[in-house]
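The structure appears right after this line, and notes come after that.
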Amino acid sequence: MTTFPEQMRAIFDRYREEVDSAPVSLDEVAAWALMKNLYHPAPRDVAKLCRDDLAESLRQEKRVDEKGRKYRAKHSVRTTTNGHQMSLWADIDSAPRAFMEKSFAQRRKSIVDDCFQVKQDVDHFNDHNAIEEPIQIILDFIDDVAEMEAAARQRRDDDEVA
């Protein structure tokens, strides 16, 4: 029996085979899959839907501190208790330091995982297209972060002058 993610990938692959292999919006693939009656979602638990909506809303909440920095207000830590994985949530302004250290470490790990995967993807693409100039990917974000901090400072300074 195939997993749900495998079923979704099969729909995408079938679309590419039957309709078009060019880059495509998933809105188009979804409309096609529904028209072909290929998509059959499993019933969802209302409590899980609520949990997912809460998490998405909490991730989006931003505040501005006294120095004008926009920061994320709510943070989570993934943990396992009695073999059950869950996310615990807290407000950054009242969470214990140990909780925030773990949250920041998990977010950093997620970024590293993404960087590793994009490096694997770029290397594969470059090897697969060896006659073309290789795509270069820079994984050092120090300059990017510094530029964003400078731009944020400039916006705050501009707002104070106005």
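Do we find a residue being in contact (Cβ under 8 Å) with a residue 40 or more places away in the chain and under 30 Å from SER57 (Cα atoms) anywhere in segment 118-134?
No, segment 118-134 contains no residue that is in contact (Cβ under 8 Å) with a residue 40 or more places away in the chain and under 30 Å from SER57 (Cα atoms).
Look at GLU28 and say whether it is in the same structural domain as TRP89 (by TED's automatic domain parsing) and either closer than 15 Å to TRP89 by Cβ or free of Cβ contacts under 8 Å to residues at least 40 places away in the same chain (or both).
Criteria not met by GLU28.
Within segment 103-112, is there a residue that is in a strand (DSSP E or B) and hydroxyl-bearing (Ser, Thr, Tyr)?
Within segment 103-112 (the criterion being in a strand (DSSP E or B) and hydroxyl-bearing (Ser, Thr, Tyr)), the answer is no, since none of the residues qualifies.
Before we move on, is PHE116 surrounded by 11 or more Cβ atoms within 10 Å (Cβ to Cβ), in a helix (DSSP H, G or I) and in contact with a strand residue (DSSP E or B) (Cβ under 9 Å, 6 or more places away or on another chain)?
no
Starting from segment 66-86, keep only residues that are closer than 19 Å to LYS102 by Cβ and in contact (Cβ under 8 Å) with a residue 12 or more places away in the chain, then list their pairs with residues that are of a type in the set (Val, Ile, Thr) and assigned to a strand (DSSP E or B) whose Cβ atoms are within a distance under 9 Å, requiring at least 6 positions of separation or different chains.
TYR71/VAL64
Criterion first (without any contact (Cβ under 8 Å) to a residue 60 or more places away in the chain, more than 20 Å from GLN106 (Cα to Cα), surrounded by fewer than 13 Cβ atoms within 10 Å (Cβ to Cβ) and of a type outside the set (A, V, I, L, M, F, W, C)) does ASP91 satisfy it?
no
The values are calculated or read from the model by the stated rules, or taken from the named source; none is laboratory data. All of these numbers come straight from a predicted model, not from anything done at the bench. Reconstructed Cβ throughout: ideal geometry from the backbone, glycine too, with neighbour counts over all protein chains shown.
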